[in-house]
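These notes concern the structure reproduced below.
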Amino acid sequence: MNDFIARRATGLAGITAAVCFIIEVPLYFLYSGPPPDANVLPCWVGRSAYVLAAVNLAFVPSLFFGNTPAHFYAANGWGSTALMGALLSYWLLAVGISTYRSAARRTPAPAPVL
């Protein structure tokens, strides 16, 4: 992949993400009450986010261990950069797949009011 295509793809992904966030924020003000059940992600997403946050918290010492890449806790070492980048990427992939697959599920019709 040449540099031109990579920069275009990266820029397009950034613009798409920003537009999605910009569209999403006003929706919080248009609808009152909690989101519908079909819009809530599975329970494992929340729990795994806490686990990912705890692992990130374990790498706080990397702020104070210098910048020698051979050290695990260095700011640019393999522990804090490569490992956390990989964990975050795999977590985002799992959430994306879960969200994509949940779109195919049909939501049950509400019960009739008597």
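The values are calculated or read from the model by the stated rules, or taken from the named source; none is laboratory data. Every value quoted in this text rests on a predicted model; they were computed, and no experiment measured them.
Descriptive notes on the structure:
- Once region 66-106 is narrowed to residues that are modelled with pLDDT of 80 or more and of a type in the set (Phe, Trp, Tyr), the residue that is farthest from residue 46 (Cα to Cα) is 90.
- When residue 40 is tested against (1) modelled with pLDDT of 75 or more; (2) β-branched (Val, Ile, Thr); (3) within 22 Å of residue 96 (Cα to Cα), exactly one condition is not met: (1).
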